[in-house]
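To start, the structure itself, in structure tokens.
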Ligand code: SF4
């Protein structure tokens with residue numbers, strides 16, 4: 001799950017630049033309540049349709065990707081570091097230096113991934129100083145992740161070794177989930193299974209320390225998929241990397257039912273390939289102080305789809 005295209009969806013719905021696969025023409029079994037040529041959706045495509053149906057049309061029907069952004073590249077780097085850290089072999093590290101080694105490895109892994117992304121960073125319309133600022137901020141997010149893990153390991157260290165504590169805290173990562181009933185598929189960053197309880201956690205690099213309605217819907221869709229494929233989850237939450245803080249909410253029947261209702265609504269409104277069936281929903285997300293929707297020119301400046309493709313240098 002480190003491919004840029006997959007990451008584009010997930011990172012954009014964080015309103016910074018949001019993983020999931022794009023909706024495809026149906027390979028999952030169809031649901032009798034959703035007749036016709038339904039598409040397999042993702043949490044991101046559902047959020048996109050909620051935000052603006054026309055944006056959904058451009059991204060998932062016309063398949064017009066937006067350009068790369070620093071938020072997208074940074075998101076890929078940080079998520080990769082946090083995903084891979086649990087695969088590092090710490091077995092030879094003495095228990096009393098486990099935490100310092102963990103910190104060191106995280107920092108080294110970050111620098112390595114950031115360097116690997118240098119070609120993508122160079123393509124961005126940003127000065128080296130601006131890119132360095134994002135590097136430092138992203139490195140801080142990885143440090144915040146370390147402190148989050150540190151805080152969770154400390155109480156465990158009173159009764160077990162660092163290696164045992166680390167093993168206990170190691171979650172499942174990047175789990176592909178799907179809802180055959182609702183034709184939704186996506187990747188979950190983390191599922192923790194402790195004491196017989198399941199908690200679904202998503203990593204966010206966004207500034208706002210708040211489980212917004214959109215995040216709640218995304219978490220509800222994850223809970224719905226988890227319930228259909230495995231068992232009902234107990235909690236869902238977000239680890240806000242910029243703040244190093246995790247916020248959780250309980251999984252309630254209402255949370256899951258709302259996700260189902262929204263998924264059904266989006267399915268029923270995305271059968272058409274006619275742009276007229278995807279109205280523009282103007283909002284501050286069309287244009288803001290430091291940026292604009294990638295399809296702004298198409299909506300407001302008379303640009304045609306072929307012109308957009310030419311400008312983005314796309315080949316179909
Ligand atoms: S510019 Fe506004 S109306 Fe157009 S696709 Fe983007 S969000 Fe929708």
Starting with the fewest neighbours, write out 184, 190, 73 ranked by other beta-carbon atoms found within 10 Å of each beta-carbon.
190, 73, 184
Sites residue 63 and residue 157 - FRET efficiency at Förster radius 35 Å, r taken between beta-carbons, to 0.05
0.10
For the chain, what does the helix formula give at 222 nm: sum of -39500 (n - 2.57) over DSSP H segments with n ≥ 4, over the residue count, nearest 500 deg cm²/dmol?
-14000 deg cm²/dmol
Would you work out the Kirkwood radius for the stretch 267-316? I mean one over the mean of 1/r across all pairs of different Cα atoms, in Å.
12.7 Å
Which whole-number percent gives the relative contact order of the stretch 178-316, counting Cα pairs below 8 Å spaced six or more residues apart?
18 percent
Using mean Cβ contacts within 10 Å as the protection proxy, how do 287-296, 132-141 order, highest first?
132-141, 287-296
Over the Cα atoms of the stretch 162-316, how large are the radius of gyration and the largest Cα-Cα distance (Dmax), in Å?
19.3, 61
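Starting with the fewest neighbours, write out 286, 52 ranked by other beta-carbon atoms found within 10 Å of each beta-carbon.
Exposure proxy ranking, most exposed first: 286, 52.
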Going from the fewest other Cβ atoms within 10 Å to the most, one would list 164, 129 as 129, 164
So for each of 273-282, 197-206 I average, over its residues, the number of other beta carbons within 10 Å; can you give me the resulting order with the highest mean first?
197-206, 273-282
Zone reached by a paramagnetic label modelled 7 Å from residue 194 Cα along Cα→Cβ, restricted to the stretch 130-165 with backbone N below 19 Å, covers 144-165
Post the alpha-carbon centroid distance, the stretch 61-116 to the stretch 253-316, in whole angstrom.
31 Å
Which three extents, in whole angstrom, do the alpha-carbon atoms of the stretch 102-191 cover along their principal axes, largest first?
49, 43, 17
Semi-axes of the equivalent ellipsoid for the chain, please: Cα gyration tensor eigenvalues, times 5, square-rooted, ordered largest first, whole Å.
35, 26, 15
Inter-label distance for residue 274 and residue 86, nm, one decimal - labels placed 7 Å from Cα along Cα-to-Cβ
4.7 nm
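Since every read-out is calculated from the coordinates, none of them should be taken as a lab result. Since the structure is predicted, the reported quantities are computational estimates derived from the model, not experimental observations. Positions of Cβ are backbone-derived with ideal geometry, glycine not excepted, and every protein chain shown enters the neighbour counts.
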